[in-house]
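A quick write-up on the structure given underneath.
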Amino acid sequence: MVLGINTNVNSARGLRNLNKASAGLDSTLERLSTGSQINRGRDNPSGLIAGEKLRLQVTTIEQSIKNSNRASNVIATADGALGEIGGLLNQIRGLVQEGLNSGALSSTEIEANQLQIDTALDAINRISSNTTFA
């Protein structure tokens, strides 16, 4: 009596091809779901390394843009405060110039001008001490 193992070669080939097709389908679905052609090192090792370098550069550039925008906002805040202070200083300069004409101003007008100058100086001090970003 001869012992032997019967195999269905066509069935084995069909199973191998089915497994191969299933693996290809899994890879294709993974690429579709992630939107990336390279998801693993086995897909394309050098492409994966290049892609990671590019992703790192993009992240760095995006952060640099955010930093630039923040710096621009800081400068805009400081510029606004300086504009207000400049306007108050011009007002003070005009009041001082008006006060030099002592013959045409009464003592009440001079005191009112001085009060206005003191108020403007207080506003300048308040702006300079309270102006902050965020």
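The values are calculated or read from the model by the stated rules, or taken from the named source; none is laboratory data. Just so it is clear, the structure is predicted and the values come from calculations on it, not from any experiment. As a convention, Cβ positions derive from the backbone with ideal geometry for all residues, glycine included, and neighbour counts pool all protein chains shown. Just the protein is used for accessible areas: all its heavy atoms, side chains included, with ligands, DNA and RNA removed. Shrake-Rupley method; radii C 1.70, N 1.55, O 1.52, S 1.80 Å.
Of all the residues in segment 37-51, those that are part of a helix (DSSP H, G or I) and open to solvent by less than 90 Å² (accessible area, probe 1.4 Å) number 6.
In the set THR7, THR60, only one residue is in a helix (DSSP H, G or I) and either over 30 Å from SER129 (Cα atoms) or of a type outside the set (A, V, I, L, M, F, W, C) (or both); that residue is THR60. Could you list all residues from segment 87-134 that are more than 27 Å from ALA71 (Cα to Cα) and either assigned to a loop (DSSP other than H, G, I, E, B) or among the acidic types (Asp, Glu) (or both)? Residues satisfying the conditions are GLU98, LEU100, ASN101, SER102, GLY103, ALA104, LEU105, SER106, GLU109, GLU111, ASP118, ASP122. Within segment 111-134, being aliphatic (A, V, I, L, M) and exposed (fewer than 14 other Cβ atoms within 10 Å of the Cβ) holds for ALA112, LEU115, LEU121, ALA134.
Checked against the criteria, ILE85 does not count as modelled with pLDDT of 90 or more, open to solvent by less than 50 Å² (accessible area, probe 1.4 Å) and touching an Asp or Glu at 6+ places or on another chain (Cβ under 9 Å). When restricted to residues that are polar (S, T, N, Q), modelled with pLDDT under 85 and outside any loop (DSSP other than H, G, I, E, B), segment 12-36 contains 4.
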